[in-house]
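Undergrad: Sharing a structure here in structure tokens format.
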């Protein structure tokens, strides 16, 4: 399950994830959804993050799921090396096509990974097979083909998703979709404008696009953190947002 991801991206991400508004907002939202999901399971439930990378989200899953066994899995050894310094849970280097587990999981998370993989339906089927009969999947992906840019190309994305397309794929792969909404609505105008103004200029242009999107501008970064924090109230109540640069889904094994 290599997809188009470049493991050289781990180092610059680790340097900014704790401070960058986008990662901070996503971690808060994922923590909320994970707490809601595991509240219905008995102690000892099993949680798996597929594509845990450098452990940025995994460490928050550990805190959100204190009564369960949390496991992180990634294809890349480079990412797991960072995760070992951030998490105390078991880490597994493996491929979802040949999962090295003897048990199923009550909660599986895959956060901004599916878009890197050419055959996303096969990935959803592979996840389904290691999900407990009463298990739940939490998924985040980039939204809106209209927002496709050089940043997506540099990041190794295969696609950005429409809400209806993601829902259809989940249902076709045997999931019952409980909640599906765009999020990161507060930054949509800025992202849309930057995509319209951005221009590709060879490899150097791609590098600049990534640097621009990950740059931390202190005043703006703080303001956008506040703006995105308002979405948590809507998501806690499972209300849909009208727009967003990303999608999040909560689905159950049908």
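Undergrad: Measure nothing fancy, just the Cα-based angle from helix 202-214's long axis to the longest principal axis of the chain, in degrees from 0 to 90, nearest 10.
TA: Approximately 70 degrees, to the nearest ten.
Undergrad: Right, here's the next one. Restricting to DSSP H runs of at least four residues, report the calculated mean residue ellipticity at 222 nm for the chain, -39500 (n - 2.57) per run over all residues, nearest 500 deg cm²/dmol.
TA: Values: 11 runs with 106 residues, N = 254.
Computed ellipticity for the chain at 222 nm equals -12000 deg cm²/dmol.
Undergrad: Run the simple label-point estimate for residue 23 and residue 234 please: 7 Å along Cα→C-beta, distance reported in nm.
TA: Placing both labels 7 Å along Cα→Cβ, they lie 2.5 nm apart.
Undergrad: Expressed as an acute angle from 0 to 90° and rounded to the nearest 10, what is the orientation of the C-alpha long axis of helix 163-172 relative to the principal long axis of the chain?
TA: Value to nearest ten degrees: 30.
Undergrad: Please work out the FRET efficiency for the pair residue 42 and residue 252, using the Cβ-Cβ distance as r and a Förster radius of 22 Å; give the result to the nearest 0.05. Intermediate results must be reported in sequence, preceding the final value.
TA: On the way: r = 17 Å, r/R0 = 0.77.
E between residue 42 and residue 252, to the nearest 0.05, is 0.85.
Undergrad: Counting only the backbone N, which residues of segment 222-242 are under 18 Å from the spot 7 Å out from the Cα of residue 32 toward its beta-carbon?
TA: Hits in segment 222-242 for residue 32 at 18 Å: 223-242.
Undergrad: For the residue pair residue 93 and residue 163, what label-to-label distance in nm results when each label sits 7 Å from Cα along the Cα-to-beta-carbon direction?
TA: 4.1
Undergrad: What do you get for the angle between helix 21-38 and the principal long axis of the chain? Use alpha-carbon atoms, 0 to 90 degrees, nearest ten.
TA: Approximately 20 degrees, to the nearest 10.
Undergrad: Let me ask something else about it. Going by Cα centres, segment 22-42 and segment 59-103 are how many Å apart?
TA: 16
Undergrad: While we're here: Restricting the count to DSSP beta bridges whose residues both fall in the chain, what percent are antiparallel, rounded to a multiple of 5?
TA: Details: 15 of 33 bridges.
Just about 45 percent of them are antiparallel.
Undergrad: A further question on this structure: Cut-off is 10 Å between beta-carbons; in what order do 233, 59, 24 appear when sorted fewest neighbours first?
TA: Details: 233 9, 59 20, 24 17.
The most exposed by this proxy come first: 233, 24, 59.
The numbers here are math on the coordinates, done by the rules we state, and not lab data. These figures come from a predicted structure and were not determined experimentally. Cβ atoms come from the backbone with ideal geometry, glycine included; neighbour counts cover every protein chain shown.
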